[in-house]
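Chemist: Pasting a structure here, questions to come.
Derivation of every value follows stated rules applied to the coordinates shown; laboratory data play no part. Small disclaimer: the values here were computed from a predicted structure and weren't measured. Neighbour counts run over all protein chains shown; Cβ positions are idealised from the backbone, glycine included.
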Amino acid sequence: MNPTVVAGLDHTPESRAAALWAADEAARRDLPLRLVHVREIAPYTLNSLSGTGELAHGPEHLLKRVADELKAVHPGLTVITDVVPGLPEAALARSAGDAGLLVLGSRALGPVTGYLVGSIALAVVARARRPVVLVRAPGHDGARHDDGDVVLGVDITHPCDDLFAFAFEAAALRGTILRVIHGYDLPSVESFAMVPDPDRYTAVATARGRALGDALRPWQHRYPEVKVTEDIVVGGAARHLTEAATTAALLVVGRRRPRTPLGPRIGSVTHTVLHHGLAPVAVVPHD
């Protein structure tokens, strides 16, 4: 595999924002950028990336124009353009498999409608074997916070080297703080007790904090330049991560690869932050 940063490009403002974010990331990582447009081969579909307007002149025109714009911003950047045939979710997932990172545009359309065009971006996230970043267009619900922290959501019952590696590298490349958030709930019987036991919450938080520190320690030795803050919070992690994303430069969450024949899935926490997090969201698949 030749490492590249790949961005899916169509006519939407969200995909333009993704291309710009991907160019910044490629320059930061000293990697080539590959702009990919999917030419839909299936007729009678509502979820085509072909679009209208500029793409009526051919996707090559759009790809060249955006590539020229990005090279003007990053003069040393190598930009490759490609038109690939196929169904968008499958073609983009394949592109992610050939890359180090795939970047797609997203827009919040509520919990049912999904992202990008229909549910394409969510389908790609669920299928991809490599990290996928979803980026919103700048505006009231997608402002860029390039100077913010990198925020990492961690389930310490299933710590993952791939997830830690991505988050620490992202923080190191940006020279920013890595804020690690772990949320927990007490067992339901204890949570609904008439008189909650504060000592129990303290004991659980202390144990969780110790486990999180143990999981982070090897990575802090590997990335001594990265300052790490640890937040052990009560309640579901999704709400805390979504709040943190309002000022974050990047939100990093994981997705466990399925071990059953039930097909690709996105966990509930990851699904929630994809819909409601305002920062770019990196989804890192792991075993």
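Chemist: Please identify the GluC sites (Glu not before Pro) of the stretch 218-253 that satisfy two criteria: DSSP loop assignment and at most 14 other Cβ atoms within 10 Å. Which are they?
Modeler: Passing sites in the stretch 218-253 are Glu225.
Chemist: Now for a different question. What length, rounded to one decimal in nm, is gained on full extension from Ser268 through to Asp185, with 0.36 nm per residue of separation minus their alpha-carbon distance?
Modeler: Full extension from Ser268 to Asp185 adds 28.4 nm.
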